Amino acid sequence: MNNRIQFIFYSAVVMILCLTEPSLGCSVCFGGNDSNLAKGFFWGVIVLGLLPFLLISSFVGFLLRAQKKHSSSEYKHEPAQPQ
């Protein structure tokens with residue numbers, strides 16, 4: 001059983017080492033400044049960078065709106081006027 005696990009492990013290592021050549025170039029280095037890969041990389045960074053800010057600001061805006069709506073609909077107690 002131990003030999004089988006070693007064989008699978010070493011086979012996986014050899015496969016990983018043999019198949020890494022196509023993945024050596026990143027989108028910025030492999031393409032050019034005007035390639036579609038570089039543009040996709042750029043927009044991916046922008047979207048993933050802005051996503052946390054958009055989510056947090058949407059959540060805070062929802063909470064503020066809910067608080068404002070709750071406080072405006074709250075019963076306002078007015079003292080009774082003597083007659």
Worksheet item: Which ones in segment 47-57 are small (Gly, Ala, Ser) and either in contact (Cβ under 8 Å) with a residue 40 or more places away in the chain or exposed (fewer than 10 other Cβ atoms within 10 Å of the Cβ) (or both)?
Response: Gly49
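Being in a loop (DSSP other than H, G, I, E, B) and either among the polar types (S, T, N, Q) or at pLDDT below 90 (or both) is the requirement here; does His77 meet it? Reasoning before the result, please.
Numbers: in a loop (DSSP other than H, G, I, E, B): yes; either among the polar types (S, T, N, Q) or at pLDDT below 90 (or both): yes.
Yes.
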Discussion item. With the requirement that a residue be loosely packed, with under 10 Cβ neighbours inside 10 Å and at pLDDT below 65, what does segment 14-26 give you?
Written reply: Thr20, Glu21, Pro22, Ser23, Leu24
Discussion item. Pairs please, first residue from segment 27-46 and surrounded by 10 or more Cβ atoms within 10 Å (Cβ to Cβ), second anywhere and modelled with pLDDT of 80 or more, Cβ atoms under 8 Å, 6+ apart in sequence or on different chains.
Written reply: Ser27/Gly40; Ser27/Phe41; Val28/Phe41
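The values are calculated or read from the model by the stated rules, or taken from the named source; none is laboratory data. Everything quoted here is computed from the prediction, not taken from an experiment. Cβ sites come from the backbone with ideal geometry, for glycine too, and all protein chains shown count toward neighbours.
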